[in-house]
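The structure appears below as structure tokens.
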Amino acid sequence: MHTINIGGMWGLINVLKMHFKHRVGKMNNLWEEEVIPESNTKLRAERKRWAFIVVFGQVLMAALFVWLKEYSLLFIVTLAPFTAAWLNVLCERTQHAGLSPNVPGFRLNYRTVILQPFVSFLYWKINYHIEHHMYPAILFFKLNTLRTQIESELPSATRGLWSTWKEMISIAKRQKTDPSFVFVPSCPAPKNQWHPLNLSMWVQINRIFDI
């Protein structure tokens, strides 16, 4: 089966470009400039070191696999994000499609999808996308547990990629005739004045997840 696609190979090239720019002290976009400002020399230096570690480490592993004649490991380890990337595409496209852009509400512009456990693991549980953005310090393997703690405050999640893509296609069809249309999920009314920035909720979440 031919599993390498042009998008995947372009993805490899773009990742290498990104790390090269970081290695020479440049950022890739305005968001990175904001998060890693030029004035923060320590953070910039850490990013330069990490870019070197990632690229050198991957090249070293690739050379080892070739030397051992374990060529399949090149695709399983080194090139895994860029070959047979169809599952990542199916999961990633669900994160924001059809939802409200440019609104200050995580529940309105992110989508959580409940996936089969093994698929969720392969996607590092970022299918819990609302939760991931509300509490980015929570480790990925605890996101499903986080959802159980705050589920009463969140929109209901679609279950499985099939039902989620059906919803997205339905939204896309409506947007063809009404470009201004966005899907607005039904959000529960806040309880106990809950808010992602509420100090007491942060304390509770920190205690539960030890962050």
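The numbers here are math on the coordinates, done by the rules we state, and not lab data. Small disclaimer: the values here were computed from a predicted structure and weren't measured. Cβ atoms come from the backbone with ideal geometry, glycine included; neighbour counts cover every protein chain shown.
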#### Entry: Normalised per residue, the volume of the convex hull around the Cα set of the stretch 56-167 (Å³)
134
### Task
Between Val184 and Asn102, with labels modelled 7 Å along Cα→Cβ, what's the label distance in nm to one decimal, could you check?
1.7
### Task
Can you pull a Stokes-Einstein diffusion coefficient for the chain at 25 °C (0.890 mPa s), Rh from Kirkwood over Cα pairs, as a whole number of µm²/s?
122
## Note on the structure
Dividing the surface of the Cα convex hull of the stretch 1-122 by four yields a projected area in nm² of 10.6
### Query
Does anyone have the angle between helix 161-177 and the longest principal axis of the chain? Alpha-carbon axes, 0 to 90°, nearest 10?
70
## Note on the structure
Counting as exposed only trypsin sites (Lys or Arg not before Pro) in DSSP loop states with no more than 10 other Cβ atoms inside 10 Å, the longest exposed-site-free span of the chain is 70-190
#### Entry: Nearest 10 degrees, 0 to 90: helix 41-67 Cα axis against the chain principal axis
60
